[in-house]
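Notes follow the structure.
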There are 2 protein chains.
Amino acid sequence: MRLEKMMNNTPVTLKFLAEKLKMSVSTVSKALNNYPTINEYTKQRVQEMARDLHFTPNKSAINLKEKRSRIIGIILPNLLDHFFTRSIYGVEQFATQNGYNVIISQSHDDLEKEIQSANMLLRSRVDGLIVAISKHTQDFAHLDQFENMGIPVVYYTRNPSFNLSCHKVLGNTFQGCYQATKFLIDRGHQKIAYLGGPKMINFTHDRFNGYINALKDNQVPFSSELVAYTDFDKENTISAIKNLFANPENMPTALVAFKEPILFDAIKYLRSINHPNFGEIECIGFGNTSFISYLDSPPIASIEENPESVGENAIKLLIQLINKEIDIQNYQKIMVDCKLVVHG
Amino acid sequence: MRLEKMMNNTPVTLKFLAEKLKMSVSTVSKALNNYPTINEYTKQRVQEMARDLHFTPNKSAINLKEKRSRIIGIILPNLLDHFFTRSIYGVEQFATQNGYNVIISQSHDDLEKEIQSANMLLRSRVDGLIVAISKHTQDFAHLDQFENMGIPVVYYTRNPSFNLSCHKVLGNTFQGCYQATKFLIDRGHQKIAYLGGPKMINFTHDRFNGYINALKDNQVPFSSELVAYTDFDKENTISAIKNLFANPENMPTALVAFKEPILFDAIKYLRSINHPNFGEIECIGFGNTSFISYLDSPPIASIEENPESVGENAIKLLIQLINKEIDIQNYQKIMVDCKLVVHG
DNA sequence: ACAATTATTTCAAACGTTTGAAATGAGTTT
DNA sequence: AAACTCATTTCAAACGTTTGAAATAATTGT
């Protein structure tokens, strides 16, 4: 009988179960949902039949009826950056514990694709959205739509710097950079170079401020010669490094870098030119990449951004917003501390 | 007026548009779907109003009516392995081009989680499923459900070795390993060690066969001393390497490894013990990790598995199955060639 | 002016659930 | 035996769409 059903591909619905059991659809529904008004024996019969016939409730129908999907949407630039994949882990963990499923969508740092993803998730009537915006997102109409429909949005990591009226969960990148700089100072460094990231990214400045403040608080003189900026392009990184190490009078003995891949390019270059002090230069970057253990001249430490924790904070906030435990207009800003991991 | 609507949070539906426009719901629906029987002017009015009021069709309702979701499910072990994230890229690309959206779900190599993911996707009535099974998947009931409901499933990369009756898309790991071994032979190596992966993984043997056949075809003598197996545990890799390099009479000059992270552990170990021939040993592993450029003693080449292409082949096959261009029972097996990438 | 044609709009049912209200049935009480 | 409980089941409407058939309106030909 099961086979028949499957052969002609009529899906098993409540109605089908009801006919088989000669009872009404509502009894079947209530039995499966364990309503107290349904007789125990009836429940048993229904549940057994449902199991035997592999009844699978149709989520579309339920969503339609319940006016919610129990789906959380995530939009992020890409899945190749371990920061994001690790953050997803934190989101998923807590989401599934709370009965939510997660749809992940990549923007590939393309605004058009981000808009498409947003529209798709809106049509799917996600109950909430977690988003790390693309590099090029200036206009937020496609994301504002959600709030306009009462669907809460939490921005994480990459977020609209100027626009204060939104929920944010961010790595405390100031604190991370401060800590790293302080660590190097404590190890006796007085000439600490800072290699910053793209100036458009909003936390570039926070990181720089962490560096500056650590110097100041520890009476280490600041020199603008020791600061340079790059992006993720190798050539630019090399020319930035050339500048930093240009003045023999003011030669850095340590380096704090915006992100590990950039740092690796820098280290590689310094070694390739056989820089005289290469062995003594101590480096730290944001990231804590697992590959560090394979490097011959590894950074002395990493600034671990705790992406899982960032993700977890984002989903926790989002669920509170969904449950209206926090008013959607009561905009929150959560900072997640970084941790300095010293490599051994 | 829009604001009112949004304030009391009544979502904009076809019915709402119809009332505003004083026409029937079906006219509105047909106008939005550009039915030829609807008057041009009416279409304009409807579309304008829909735009102004930010009408967003409810996908659940559409899915329910159309009995399909235009969603493809993907289940894979995790997102930290770049093989998988790169393969997703291939899937997404082609899927969105064909009007499908993608839901990604991680099993974390846990059977229980894989079952949950499968059930979730089944309830969501995905139109098709692409899956790389977990390490521990022996029983396939949770995946067979899909085919029983007429939903096609394509297994990719990790797949049930014994069970022939399923659709598969695989990297041609035999060819990849053959090519790598041949490359080393052509460079004059006669003592090529082979470091294999976990024996449970089904393509471990294919790779070994690639190695063996390349030796045979080129009249290089095979020695079982030159073969060892490990898993992803560093300790086991080191003891495997110790065995491979134990006999001074039979010292390898080259090494083919199952996967790059394993190879990196091996290289690291060999250097750490200051192996006398370290500089001459040429290594190749599966993967083509982007970090290779930062290593001091990088592999001479990588076996690029073309994950994007594997993903693309999987989704193409799946869509053909969904469209019934290929019969669901007509099980396909597609092999995607690897490419040897020589590092420069 | 009237039928015949064509263009356009509306009706109504369906998709698979959920759920409060109404109906039924079986005991209990008087 | 009528009235009242209480447990259990069923009814019926609703969620937001789509779509073939039926209805209506507009246009044409005679």
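The values are calculated or read from the model by the stated rules, or taken from the named source; none is laboratory data. Keep in mind that what you see is a predicted model, and the values were worked out from it rather than measured. Cβ atoms come from the backbone with ideal geometry, glycine included; neighbour counts cover every protein chain shown. Side chains are part of the model used for accessible areas, which takes the heavy atoms of the whole protein and leaves out ligands, DNA and RNA. Shrake-Rupley method; radii C 1.70, N 1.55, O 1.52, S 1.80 Å.
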Next item on the list: With the full set of protein chains in place, find how many percent of the accessible area of the protein assembly as shown is carbon and sulfur; take the probe as 1.4 Å.
Entry: 50
Notebook entry, point to check: Going by the alpha-carbon gyration tensor, a ≥ b ≥ c the square roots of its eigenvalues, is the protein assembly as shown rounded (a/c under 1.5) or, if a/c is not under 1.5, prolate (a/b greater than b/c) versus oblate?
Noted result: oblate
Next item on the list: Check cross-link reach from A:Lys65 to the lysines: straight Cα distance under 20 Å, and skip same-chain residues fewer than eight apart.
Entry: A:Lys15, A:Lys30, B:Lys15, B:Lys59, B:Lys65, B:Lys67
Next item on the list: Write out the chymotrypsin sites (Phe, Trp or Tyr not before Pro) in region A:161-250 meeting two conditions: DSSP loop, and at most 16 other Cβ atoms within 10 Å of their Cβ.
Entry: A:Phe162, A:Phe222, A:Phe232
Margin query: Among B:His167, B:Cys177, B:Pro261, whose Cα projects farthest towards the positive end of the dipole of region B:158-267, with charges put on the beta-carbon of Lys, Arg (+1) and Asp, Glu (-1)?
Written below: B:His167
Item checked: Environment charge of B:Thr253, counting only residues whose C-beta is closer than 11 Å and scoring Lys/Arg +1, Asp/Glu -1 -> 0
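Over region B:173-304, what relative contact order in percent results from Cα pairs under 8 Å that are six or more residues apart?
25
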Next item on the list: Distance between Cα centroids, region B:279-324 to region B:71-124: provide it in whole Å.
Entry: 19
Item checked: Degrees, to the nearest 10: B:111-123 long Cα axis against longest axis of chain B -> 30
Next item on the list: Provide the solvent-accessible area of B:Glu66, counting protein heavy atoms only and rolling a 1.4 Å probe, rounded to the nearest 10 Å².
Entry: 110
Next item on the list: Using the 7 Å Cα-to-Cβ label point, sort the distances from A:Glu48 to its equivalents in the other copies shortest first and give them in nm to one decimal.
Entry: 6.4
Next item on the list: Could you work out the local net charge near B:His189, counting Lys and Arg as +1, Asp and Glu as -1, over the other residues with Cβ closer than 12 Å to its Cβ?
Entry: 0
Item checked: For chain A, alpha-carbon Rg relative to the globular expectation (2.2 N^0.38 Å, N residues) -> 1.32
Next item on the list: Among DSSP beta bridges whose residues both lie in chain B, state the antiparallel percentage, nearest 5.
Entry: 10
Check: Quick one: how many Å² of A:Arg158 are accessible to a 1.4 Å probe, rounded to 10?
Finding: 40
Next item on the list: Pairs of lysines 8 or more apart, or on different chains, with alpha carbons under 16 Å: count those in region B:173-304, would you?
Entry: 10
Notebook entry, point to check: Taking a probe of 1.4 angstrom, what is the accessible area of A:Lys30 in Å², to the nearest 10?
Noted result: 80
Margin query: How big is the dipole moment of region A:173-304 about its Cα centre under a simple scheme where the beta carbon of each Lys and Arg is +1, that of each Asp and Glu is -1, and everything else is neutral? Debye, nearest 20, please.
Written below: 80
Notebook entry, point to check: What dipole magnitude, in Debye to the nearest 20, does the protein assembly as shown give about its Cα centre under +1 on Lys/Arg Cβ and -1 on Asp/Glu Cβ?
Noted result: 2660
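Please compute the Kirkwood hydrodynamic radius over region B:1-128, one decimal place, Å, based on all pairs of different Cα atoms. Please report the intermediate quantities before stating the final value.
Numbers: mean 1/r = 0.0570 Å⁻¹.
Kirkwood radius, region B:1-128: 17.5 Å.
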Next item on the list: Treating cross-link reach as a plain straight distance, find the lysines whose alpha-carbon is under 19 Å from the alpha-carbon of A:Lys316, omitting any fewer than eight places away in the same chain.
Entry: A:Lys168, A:Lys324, A:Lys333
Checklist line | Heavy-atom SASA rank of A:Val91, B:Val342 (probe 1.4 Å, accessible area, largest first) | finding: B:Val342, A:Val91
Notebook entry, point to check: For the pairing of chain B with chain A, what total accessible surface becomes buried, with a 1.4 angstrom probe, in square angstrom to the nearest 100?
Noted result: 4700
Check: Which of the GluC sites (Glu not before Pro) found in region B:87-195 are loop residues per DSSP with 16 or fewer other Cβ atoms within 10 Å of their Cβ?
Finding: none
Next item on the list: Can you tell me the 0 to 90 degree angle between the C-alpha axis of helix B:40-52 and the longest principal axis of chain B, rounded to 10?
Entry: 60
Notebook entry, point to check: Between region A:262-278 and region B:8-32, what is the C-alpha centre distance in whole Å?
Noted result: 65
Checklist line | GNM result for chain B, Cα springs below 10 Å: residue of B:Leu111, B:Leu195, B:Leu80 fluctuating most strongly | finding: B:Leu80
Next item on the list: Report the net charge of residues surrounding A:Ile262, where surrounding means a beta-carbon distance below 10 angstrom and charges are Lys +1, Arg +1, Asp -1, Glu -1.
Entry: -2
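Semi-axes of region A:162-303's equivalent ellipsoid from the Cα gyration tensor, sqrt of 5 times each eigenvalue, largest first, rounded to whole Å?
23, 18, 15
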